[in-house]
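Undergrad: Okay, handing you the structure first.
The values are calculated or read from the model by the stated rules, or taken from the named source; none is laboratory data. The structure presented is a predicted model; accordingly, all values stated were derived computationally and were not measured. Positions of Cβ are backbone-derived with ideal geometry, glycine not excepted, and every protein chain shown enters the neighbour counts.
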Amino acid sequence: MKLNNANLSSLPAAVPGYDRSGLTGGIVHFGLGNFHRAHQAVYLDRLMNTGEGHDFAIIGAGVMPADAKARDVLAGQDFLYTVVEQSADASDPRVVGAMIDYLAPGDPAAVIAKLADPATKIASLTITEGGYFIDAATGHFDKTHPAIAADGANPAAPKTVFGMLVAGLKARRDAGEQSFTVMCCDNIPHNGVITKEAVVETARLSDPALADWIAANVAFPNGMVDRITPATSDRERAMIRDMGIDDDSPVFCEDFIQWVLEDNFPAGRPALEKVGVEFVDDVTPWELMKIRILNGGHAVIAYPAGLMDIHFVHEAMENDLVRGFLRKIENEEIIPAVPPVPNTDLQAYFAKVEERCANPKIGDTVRRLCLDGSNRQPKFIIPTIADRLKAGQAVDGLALESALWCRYCAGKTDSGAVIEPNDPNWDHLTKVAQDAKDNPDAWLAMSEIYGDTGKNPQFAAAFAKWLAALWQDGTAATLRRYIDG
């Protein structure tokens, strides 16, 4: 049965228990990919089902050309879609109705007008880790990027998310209205701080006074978000049809969901604490736990599995060598580098990570976990290495993880299968990785990734030892050597 408003009551799934015609937009969201639709939108849908939050419906804002197709698909379904939460034992479909509109890309004036509307209390973002124009060499916003420079030169007709946010905030300031809160929901350390720098510095290119006003008056709360949400393919579209629902944009995800958010919303916010969001004064402890144990753990799983031609993450977790590697490095090097988190047992958290990664229903791919290492390693792995070195502690396992990433970037698995480009900097990484076979220091000399950590003799020696072993003996034998001590 086709998914739309008219057919809601007849669909074989849980459906919104609220009158969607009574919803009004309170959130403009940039980046309506699977993660947002399985995370923030699900929390809002849950709240709306309690009878609250009906003035915080989502209005999507298209920016990229690819957003046009996504917008058309969702518009054809009255902006409804199905989220299928999957545990090892069950698949539970629910139709999410929290979105009421999706502004098409190519019309920044419509987006700015919606941001300028006092009814908009929050502008939220899930534009991926790579969408923040961060200069790898400095770790700060790159205001010289051509797209940002163009918005600075023509602020009335911006084309980037940050240019549109600046224009919307300018309209609010000029009208004497309370500014909206800018809420980043991307998987980036200190994501509110990162977003604030991007918005303020974009404004500064054209209007320094506006930049100062934004810095002083606009809230950018940090948040930690978590839910494994693979991309939708024909496989998932066929699965939803087998459930009796004709949905061209379903989202399949795990049944685990978490959101920890700093409570800094001067313009108002939905009462998401009533549906499981944890509001705190400082999200840093939760953020560090997730980044190091979960995201760092993903990297630990990814590269040995990729080199051994393992396709799915749950299959990697069924491999004794990959799982043994994960457990040893987490327990000996990663978890000890995570400070205490209020009301949280770190070992229990890691046990849940193992359970989630082993879920066979998700269909998460090893290739996805291997993606974009040049962006992810400096956030998820290298800070743990740096902290342990500073404390005079061992980094043998983390050095092996780094060597596995280098070996993966050389472009072929242990069987000789070609690894297709899997990083924005793939060509450069492949050349350096091949050079590193005979000169390991070439890899660690990438200061934009390793900083001073690559110059540490202890780490460099361990890295060189493991990289030589990987080339000489292969991944399986090298993992066994590490696990057996």
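Undergrad: So A462 passes all but one of these: (1) closer than 20 Å to I385 by Cβ; (2) out of contact with any Asp or Glu (no Cβ under 8 Å at 6 or more places or on another chain). Which condition number does it fail?
TA: (2)
Undergrad: Look at the stretch 259-289 and say how many of its residues are touching an Asp or Glu at 6+ places or on another chain (Cβ under 6 Å) and buried (at least 20 other Cβ atoms within 10 Å of the Cβ).
TA: 2
Undergrad: Need at least 3 residues that are modelled with pLDDT of 95 or more and under 20 Å from L398 (Cβ atoms) per element, so show me which helices (runs of 4 or more DSSP H) inside the stretch 415-485 make the cut, counting only ones lying wholly within it.
TA: Qualifying helices (runs of 4 or more DSSP H): 426-436, 441-444, 457-473, 475-483.
Undergrad: Hey, could you check the stretch 220-245 for residues that are among the small types (G, A, S) and outside any loop (DSSP other than H, G, I, E, B) and say which is surrounded by the most Cβ atoms within 10 Å (Cβ to Cβ)?
TA: G223
Undergrad: Given the criterion closer than 19 Å to F256 by Cα and of a type in the set (A, V, I, L, M, F, W, C), identify the matching residue among L288, L326, L321, L307.
TA: L288
Undergrad: Yes or no: D45 among the charged types (D, E, K, R), outside any loop (DSSP other than H, G, I, E, B) and surrounded by 21 or more Cβ atoms within 10 Å (Cβ to Cβ)?
TA: Spelling it out, D45 is indeed among the charged types (D, E, K, R), outside any loop (DSSP other than H, G, I, E, B) and surrounded by 21 or more Cβ atoms within 10 Å (Cβ to Cβ).
Undergrad: Condition first: in the same structural domain as V193 (by TED's automatic domain parsing), more than 28 Å from N7 (Cα to Cα) and crowded, with 21+ Cβ neighbours inside 10 Å. Can you find one or more residues in the stretch 79-91 that meet it?
TA: no
Undergrad: In addition: From the list A410, A442, A399, which residue is closer than 24 Å to G485 by Cβ and either hydrophobic (A, V, I, L, M, F, W, C) or touching a residue at least 24 places away in the same chain (Cβ under 8 Å) (or both)?
TA: A399
Undergrad: With respect to L32, determine if the residue is under 28 Å from M164 (Cα atoms) and either in a loop (DSSP other than H, G, I, E, B) or in contact with a helix residue (DSSP H, G or I) (Cβ under 6 Å, 6 or more places away or on another chain) (or both).
TA: In short, yes.
Let's see how each residue does on (1) over 17 Å from A104 (Cβ atoms); (2) touching a His at 6+ places or on another chain (Cβ under 7 Å); (3) modelled with pLDDT of 95 or more:
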| position | (1), (2), (3) |
| --- | --- |
| G17 | yes, no, yes |
| F30 | no, no, yes |
| F56 | yes, no, yes |
| V63 | no, no, no |
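Undergrad: Right, next: Looking at the stretch 278-313, which of its residues are of a type outside the set (A, V, I, L, M, F, W, C) and in contact with a helix residue (DSSP H, G or I) (Cβ under 7 Å, 6 or more places away or on another chain)?
TA: Passing the criteria: R292, N295, G296, G297, H298, Y303, P304, G306, H311.
Undergrad: Still on this model: Could you tell me which numbered condition K69 fails, if it satisfies all but one of (1) touching a Lys or Arg at 6+ places or on another chain (Cβ under 8 Å); (2) without any contact (Cβ under 8 Å) to a residue 24 or more places away in the chain?
TA: Looking at each condition in turn, K69 falls short on (1).
Undergrad: Among the residues of the stretch 413-439, which ones are touching a strand residue (DSSP E or B) at 6+ places or on another chain (Cβ under 9 Å) and either surrounded by 15 or more Cβ atoms within 10 Å (Cβ to Cβ) or touching a residue at least 60 places away in the same chain (Cβ under 8 Å) (or both)?
TA: The answer is I419, and nothing else.
Undergrad: Oh, and also: Scan the stretch 384-413 residue by residue and report those that are of a type in the set (D, E) and either touching a Cys at 6+ places or on another chain (Cβ under 8 Å) or farther than 14 Å from T453 by Cβ (or both).
TA: Correct list: D396 only.
Undergrad: Since K361 meets every condition but one in (1) of a type outside the set (A, V, I, L, M); (2) on the phi > 0 side of the Ramachandran plot; (3) at pLDDT below 95; (4) out of contact with any helix residue (DSSP H, G or I) (no Cβ under 7 Å at 6 or more places or on another chain), which condition does it not meet?
TA: All conditions are met except number (2).
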